[in-house]
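Have a look at the structure below before the remarks.
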Amino acid sequence: VNHTPRRRVAVIGCGAIAQSHLRYLHASPLVDLVALVDLAPVVTGHLAQMLGPGVRAFDDAATMLDEVRPDTVHVLTPPSSHVPLSTLALQAGADVLCEKPLAATAPEVDALLAVAGGAGRQVMECQNYRYLPEMAWLRGVVADGRLGRLRQVDIDVRVPIASGGRFVDDGVPHYVSHLPGGAVRDFLPHMVYLAEDVLPLLPGEVVSARWDLVSGKAAMGSDTLTAVLAGDDVTVLLRFSALGSPPGFRVAVVGEQGSVSVDLFHRKRSLETRSVGGPLAAVVDRLSTARQAVVDAAQEVRGKVLHAGENGIPELLDDMYRRLAAGEPMPVSPSQLRRTAEVVDLLIAHGGLVSSDATHAAVAS
Ligand SMILES: NC(=O)c1ccc[n+]([C@@H]2O[C@H](COP(=O)([O-])OP(=O)(O)OC[C@H]3O[C@@H](n4cnc5c(N)ncnc54)[C@H](O)[C@@H]3O)[C@@H](O)[C@H]2O)c1
């Protein structure tokens, strides 16, 4: 029997990504969804009606925090409001889960962590792709030592967002048009924290970071990134393209004894290890790779049929709320949050892009 009271949860920002959060919050036995906030009352009104009588609708975060006093707040608005809204919520006594990017720069992340510390609360960025089953499998393979000494981590993302859709809609400019690094920057936190997920000692030396606008669509800011981070004996490659097709999100780890890769969009896994035990071992290796291929095919079909749109958010939220109920720290640590932001900052700086602070000031004024 679980005697821990359900946490009273509020959501600020009810757009696209809120759907994933609300689906979990509506169904979980660990929480009671008590309030929704959005600048558009028609959205919150409609959702509150759908989600039940206990859910109140607001068009202003400060009023909601004052009247509802939630235990946890999900900040799911566009990036420029993440720090101010998270700060308000922490100061009102709530723990905060904020969508990525938590803040524009690493110093802003630090400042927010300090606000949380001062309020005796916790704040975490939604690093949901860590929770995809392919990442758990890949971490397992890396951890069991089969790959030998690790040499390279390669994150390669292709999303054809330059060819149409809300990133390039001239009528309603997407928030990425204000972000230094543009559309690439919007995906970069995912790429960096996944590199950290398999390589906790993520190298911090940026050897190169080339940001391009290949599509020529100015609203995208940047649509292509090719970057290399170097550590003592490991290299991290980060590649992003907004033009490539079909879409893909590949994470590969190469070691001296083998390599492993997954595609998070296509739910594919592959593992190849060097045979060290003579001809028979080589056959066994090949058989196990073949067996894995059959498993992958089955998983891919199941993935496409049953798990369309899976993004790891329900799994992340479940882990987070279990830990909160047990009085434990949130699952993604402050040092991991800091590291993600620091590496993004280094890549931006290496690319000679406008400093985030300057752009933020320009947007705010
Ligand atoms: N983790 C992921 O996998 C993932 C995926 C998509 C988006 N995101 C992130 O989620 C965030 C939101 O993206 P989205 O695609 O849902 O955007 P969206 O534009 O669809 O939704 C944002 C909503 O926030 C509301 N809003 C804006 N300012 C507000 C304020 N001050 N108070 C209350 N409501 C406010 C808007 O009215 C809108 O309904 C972004 O930071 C984005 O990077 C994360």
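The values are calculated or read from the model by the stated rules, or taken from the named source; none is laboratory data. Only a predicted model underlies this, so the values are computations on that prediction, with no experimental measurement involved. Quick reminder, even Gly has a Cβ in these numbers, built from the backbone with ideal geometry, and neighbours come from all protein chains shown. SASA here: full protein model, heavy atoms, side chains in, ligands and nucleic acids out. Shrake-Rupley method; radii C 1.70, N 1.55, O 1.52, S 1.80 Å.
Computed quantities for the displayed model
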quantity	calculated
Filter result for Ser335 (open to solvent by 50 Å² or more (accessible area, probe 1.4 Å), at pLDDT 95 or above and not β-branched (Val, Ile, Thr))	yes
Members of the stretch 150-185 that are within 13 Å of the ligand (Cβ to nearest atom), open to solvent by less than 10 Å² (accessible area, probe 1.4 Å) and either among the charged types (D, E, K, R) or more than 27 Å from Trp137 (Cα to Cα) (or both)	Val176, Gly181, Gly182, Ala183
Among (1) more than 13 Å from Leu138 (Cβ to Cβ); (2) open to solvent by 60 Å² or more (accessible area, probe 1.4 Å), the one test that Leu225 misses	(2)
Residue list for the stretch 138-170, filter: more than 13 Å from Val254 (Cα to Cα) and touching a strand residue (DSSP E or B) at 6+ places or on another chain (Cβ under 6 Å)	Asp156, Val157, Arg158
Any hit, the stretch 11-18, residues being surrounded by fewer than 16 Cβ atoms within 10 Å (Cβ to Cβ) and outside any strand (DSSP E or B)	yes
Test: Arg121 is touching a helix residue (DSSP H, G or I) at 6+ places or on another chain (Cβ under 6 Å), without any contact (Cβ under 8 Å) to a residue 40 or more places away in the chain and more than 10 Å from the ligand (Cβ to nearest atom)	yes
Qualifying residue in the stretch 204-217 (condition: among the hydroxyl-bearing types (Ser, Thr, Tyr), in contact (Cβ under 8 Å) with a residue 40 or more places away in the chain, over 24 Å from Asn311 (Cα atoms) and in contact with a strand residue (DSSP E or B) (Cβ under 8 Å, 6 or more places away or on another chain))	yes
Verdict on Pro189 being in contact with a strand residue (DSSP E or B) (Cβ under 9 Å, 6 or more places away or on another chain) and farther than 18 Å from Ile17 by Cβ	no
Members of the stretch 228-266 that are open to solvent by less than 10 Å² (accessible area, probe 1.4 Å) and farther than 25 Å from Pro133 by Cβ	Leu229, Ala242
Tally of residues being in contact with a helix residue (DSSP H, G or I) (Cβ under 6 Å, 6 or more places away or on another chain), polar (S, T, N, Q) and away from the ligand (no atom under 15 Å from the Cβ) across the stretch 1-35	1
Given (1) outside any strand (DSSP E or B); (2) in contact with a Leu (Cβ under 9 Å, 6 or more places away or on another chain), number of the condition Phe167 does not satisfy	(2)
Matching entry among Val251, Val276, Val214 (being out of contact with any Gly (no Cβ under 6 Å at 6 or more places or on another chain), modelled with pLDDT of 95 or more and not hydroxyl-bearing (Ser, Thr, Tyr))	Val251
